[in-house]
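What follows is a single structure, written as structure tokens, with notes after it.
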Amino acid sequence: MAQAEVARLEGRITPNVCAFLQRQITFGEMPTGTAPQPGESGFEHPRVKAYLDIFDTDATLWEAGSRARRGRAEIGPAIINSLGLVKDLRYRGTNVVADGSTVVFGQWNEATVKGHKIAFPQIARNVLGDDGKSLQARRYYDRHVLLRDTLPDAPVGLFEGIADSGPAPAEAPAPPRPRTAGLPQRLAAWNSEDIGALLARTGTMRLSGPGLDAPLKTAAARKAYLQRFFDTADVQFKAGQVAVGTTTTYVEWHGTVTRPRGEPVPFGIMERFGPGGEWELYFDTLPLLADQKTIDELFAELAGS
């Protein structure tokens, strides 16, 4: 059943992977109904219970802009708060890769925020136990999409104005996906802000990422995108999980990011290399646009309006 509800599913689908997928899909499809209330009563809400069923009792969950939460007592309030903000959140599986105990679940989210319909991609990276419960989970998505059309004082998008210009390059066969043997060099390129090395290893792949209306096909636009990123972000990454499927490879980098005159905050990027020459980046732009106090104030405004 789980395989039929995901657009592309790759890897070895063991019983624990299948159990995880079923729980993940169940939560994504389930209507919220009345939003859960803060406090212990919220834990009895059917959709909150379905969400907590995804995780092991001692699991950790890292989401954009926060420290890792551990266990039911910390993960529960987080989903209660999220469903209060986007009560009608739904998602469907897009490209899922299972590689050993690692499952990378690509998904397409849809929700309504202050009367505005929004839709955005997300990557849910999980390390599973034998029972299919997530032991360690990380979520990669851009929270700026929740604010940009709903709050008049939302910060301007980090990549505003970046797009292809001039003639598009001639169509060419999709370059091969990066090999896992080359990942230490790729990690070094991210940490040293070596744009040339990052682009050289992706060839003519089309770049998609937060803040873009369409994939970037030209070398100049791809370079401009990464330059804008590094002008704002000083990243210090370590290698995370890698999931290699039949046609798709996911590569995770996780660590910290520091804005100019800012403090290091937890941060990560998930790269996806797809079968049609896609190179996709998933990360949160808000830590690159504002300090935590400002971000908290923006979400308080969103929740209170």
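The values are calculated or read from the model by the stated rules, or taken from the named source; none is laboratory data. Note that the structure is predicted; figures quoted are calculated from it, not measured. No Cβ is skipped: glycine too gets one built from the backbone with ideal geometry, and neighbour counts run over all protein chains shown. The area values use the complete protein model at the heavy-atom level, side chains included, leaving out ligands, DNA and RNA. Shrake-Rupley method; radii C 1.70, N 1.55, O 1.52, S 1.80 Å.
Any idea which residue in region 100-110 is farthest from Q122 (Cα to Cα), counting only those that are crowded, with 21+ Cβ neighbours inside 10 Å and touching a helix residue (DSSP H, G or I) at 6+ places or on another chain (Cβ under 9 Å)?
Going residue by residue through region 100-110, those that are crowded, with 21+ Cβ neighbours inside 10 Å are 102-107.
Okay, now just the ones that are also touching a helix residue (DSSP H, G or I) at 6+ places or on another chain (Cβ under 9 Å), so 103, 105, 107.
Values: V103: 14, F105: 8, Q107: 5 Å.
Among those residues, the one meeting the criterion is V103.
Each row is one residue, and each column tells you yes or no for (1) within 15 Å of L281 (Cα to Cα); (2) at pLDDT below 95; (3) within 22 Å of the chain's Cα centre (by Cα); (4) not basic (K, R).
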{"position": "F159", "(1), (2), (3), (4)": "yes, no, yes, yes"}
{"position": "G166", "(1), (2), (3), (4)": "no, yes, no, yes"}
{"position": "N191", "(1), (2), (3), (4)": "no, no, yes, yes"}
{"position": "L207", "(1), (2), (3), (4)": "yes, no, yes, yes"}
{"position": "P210", "(1), (2), (3), (4)": "yes, no, yes, yes"}
{"position": "L216", "(1), (2), (3), (4)": "yes, no, yes, yes"}
{"position": "A219", "(1), (2), (3), (4)": "no, yes, no, yes"}
{"position": "R222", "(1), (2), (3), (4)": "yes, no, yes, no"}
{"position": "G240", "(1), (2), (3), (4)": "yes, no, yes, yes"}
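If I filter region 219-229 for residues that are over 28 Å from G65 (Cβ atoms), out of contact with any Gly (no Cβ under 7 Å at 6 or more places or on another chain) and not aliphatic (A, V, I, L, M), do I get at least one hit? Talk me through it step by step, then tell me what you get.
Going residue by residue through region 219-229, those that are over 28 Å from G65 (Cβ atoms) are 219-220.
From what's left, out of contact with any Gly (no Cβ under 7 Å at 6 or more places or on another chain): 219-220.
From what is left, the residues that are not aliphatic (A, V, I, L, M) are none.
No, that holds for no residue.
Within region 73-94, can you find the residues that are of a type outside the set (A, V, I, L, M, F, W, C), touching a helix residue (DSSP H, G or I) at 6+ places or on another chain (Cβ under 8 Å) and within 24 Å of G240 (Cβ to Cβ)?
Within region 73-94, Y91, G93 meet the criteria.
Just name the residue that is farthest from A170 (Cα to Cα) out of those in region 203-252 that are of a type in the set (S, T, N, Q) and touching a Ser or Thr at 6+ places or on another chain (Cβ under 7 Å). Don't jump to the end; show me each part of the working.
Step one: filter region 203-252 for residues of a type in the set (S, T, N, Q), giving 204, 208, 218, 227, 232, 236, 241, 246-249.
If we keep only those that are touching a Ser or Thr at 6+ places or on another chain (Cβ under 7 Å) as well, we get 236, 241.
Values: Q236: 36, Q241: 34 Å.
Taking the candidates together, the pick is Q236.
If you check R201 against the conditions, is it more than 18 Å from F267 (Cβ to Cβ) and in contact with a helix residue (DSSP H, G or I) (Cβ under 7 Å, 6 or more places away or on another chain)?
On the way: more than 18 Å from F267 (Cβ to Cβ): yes; in contact with a helix residue (DSSP H, G or I) (Cβ under 7 Å, 6 or more places away or on another chain): yes.
Against the criterion (more than 18 Å from F267 (Cβ to Cβ) and in contact with a helix residue (DSSP H, G or I) (Cβ under 7 Å, 6 or more places away or on another chain)), R201 qualifies.
Kindly indicate the residue of region 178-192 that is open to solvent by 70 Å² or more (accessible area, probe 1.4 Å) and of a type outside the set (S, T, N, Q) and also nearest to T248 (Cα to Cα) among those meeting that condition.
As a first pass, look at region 178-192 and keep what is open to solvent by 70 Å² or more (accessible area, probe 1.4 Å): 179-181, 184-185, 192.
Next cut, of a type outside the set (S, T, N, Q) only: 179, 181, 184.
On the way: R179: 12, A181: 16, P184: 19 Å.
If we take residues in region 178-192 being open to solvent by 70 Å² or more (accessible area, probe 1.4 Å) and of a type outside the set (S, T, N, Q), then R179 is nearest to T248 (Cα to Cα).
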